[in-house]
Amino acid sequence: MYSKTQRALAELLGTAALVLVGPGSVVATLTIAGGKAPFTESDLLGISFAFGFIITALVYAIGKVSGCHIDSYLTFALAITKRMPWKEVPLYWGAQWLGAVVGALGIWAAFGSGAVALGMGQTAFSDTGSYIAPMFAELVGTALLMFAILGIVDSRSPGDLAGLVIGGVVVAIILIFGPVSGASLNPARAFGPELVAAIAGGPTHWAQYVPVYLLPGLVGSAGAAFVYDFLAKPRVIEEPVTEAVTHPDEVAVGAL
């Protein structure tokens, strides 16, 4: 059993790496394009692979230490379905949110003022549009990710493929919902770049954070966990076979 310090540090470093490489790839893409947006489909593919590859690497690197949550929604889903004790949640959430800020500071350090001008890899959408579509994207995207994670880490599944499966699912979800909401799928990932952008004097989108990048994912992650448990847990047969099948010979012998 790894200590609380080891697990917290693993989550902090893992989330920092996720934010540095994931949102950092957004800043890098915009830098190469001279700050021009929106992204092309090939740009979005490259960004989604950056997220997928770093998550795959982290699953194998720190999965044995902390479980490699690096996503506060996953921690919440595991706690609400009694896969981990609630008393561990503050430790994991604190490490994840702090790690996200550290990762965002890394983007700022690497790209300087250009990172701030290019949005720090923040997840946001046009304020002129409805919140409904981004909320839907975050809820469904998070649910799909949680469902896949719970499925591959199930002891009945081939665990050695966990990193590849989780990374691949992230790529797929970003390709679908990236243009809608930015496909945060992780409140810590959304929080880190937002906070550092505020510190650096860049544009922020705090009004979107709670209704789009926090609450829908909590609902989606919990819902996916309960649905997975319902589907994957073998059910007790209401009428055992031994009782359902008649034994006329035994009945006849008993009557003699």
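The values are calculated or read from the model by the stated rules, or taken from the named source; none is laboratory data. If you're wondering where the values come from, they're calculated on a predicted model, not measured in any experiment. No Cβ is skipped: glycine too gets one built from the backbone with ideal geometry, and neighbour counts run over all protein chains shown. The accessibility values were calculated without ligands, DNA or RNA, using every heavy atom of the protein model including side chains. Shrake-Rupley method; radii C 1.70, N 1.55, O 1.52, S 1.80 Å.
Screening the stretch 97-125 for residues that are in contact with a Phe, Trp or Tyr (Cβ under 9 Å, 6 or more places away or on another chain) and not aliphatic (A, V, I, L, M) and picking the one that is surrounded by the fewest Cβ atoms within 10 Å (Cβ to Cβ) gives 125. Do we find that residue 89 is among the aliphatic types (A, V, I, L, M), closer than 23 Å to residue 176 by Cβ and either in a helix (DSSP H, G or I) or touching a residue at least 24 places away in the same chain (Cβ under 8 Å) (or both) in this structure? When the stated conditions are applied, residue 89 does not pass them. Among all positions in the stretch 199-207, there is at least one residue which is among the small types (Gly, Ala, Ser), open to solvent by 30 Å² or more (accessible area, probe 1.4 Å) and assigned to a loop (DSSP other than H, G, I, E, B). Residue 133 meets all of the listed conditions (1) part of a helix (DSSP H, G or I); (2) open to solvent by less than 20 Å² (accessible area, probe 1.4 Å) but one, namely (2). Kindly establish whether residue 170 is more than 15 Å from residue 135 (Cβ to Cβ), in contact (Cβ under 8 Å) with a residue 12 or more places away in the chain, touching a Phe, Trp or Tyr at 6+ places or on another chain (Cβ under 7 Å) and buried (at least 24 other Cβ atoms within 10 Å of the Cβ). So residue 170 fits the description; yes. Of the residues examined, residue 31 is one that is in a helix (DSSP H, G or I), in contact with a Phe, Trp or Tyr (Cβ under 9 Å, 6 or more places away or on another chain) and open to solvent by 20 Å² or more (accessible area, probe 1.4 Å). Considering 184, 221, the condition of being farther than 16 Å from residue 125 by Cβ and buried (at least 19 other Cβ atoms within 10 Å of the Cβ) is satisfied by 221 alone. Would a scan of the stretch 107-117 turn up a residue that is within 30 Å of residue 32 (Cβ to Cβ), under 17 Å from the mean Cα position of the chain (by Cα) and either of a type outside the set (Lys, Arg) or not in a helix (DSSP H, G or I) (or both)? Checked against the condition, which is being within 30 Å of residue 32 (Cβ to Cβ), under 17 Å from the mean Cα position of the chain (by Cα) and either of a type outside the set (Lys, Arg) or not in a helix (DSSP H, G or I) (or both), the stretch 107-117 yields no hits at all.
In the set (1) surrounded by fewer than 14 Cβ atoms within 10 Å (Cβ to Cβ); (2) touching an Asp or Glu at 6+ places or on another chain (Cβ under 8 Å), the condition left unmet by residue 41 is number (2).
Filtered by the rule that a residue be open to solvent by 20 Å² or more (accessible area, probe 1.4 Å), among the polar types (S, T, N, Q) and assigned to a helix (DSSP H, G or I), the stretch 1-24 gives 5, 6.
In the stretch 137-165, the qualifying residues are those that are farther than 21 Å from residue 54 by Cβ and of a type in the set (S, T, N, Q), and the one that is most open to solvent (accessible area, probe 1.4 Å) is 155. Mind counting the residues in the stretch 44-68 that are part of a loop (DSSP other than H, G, I, E, B) and open to solvent by 20 Å² or more (accessible area, probe 1.4 Å)? Residues meeting the conditions: 1.
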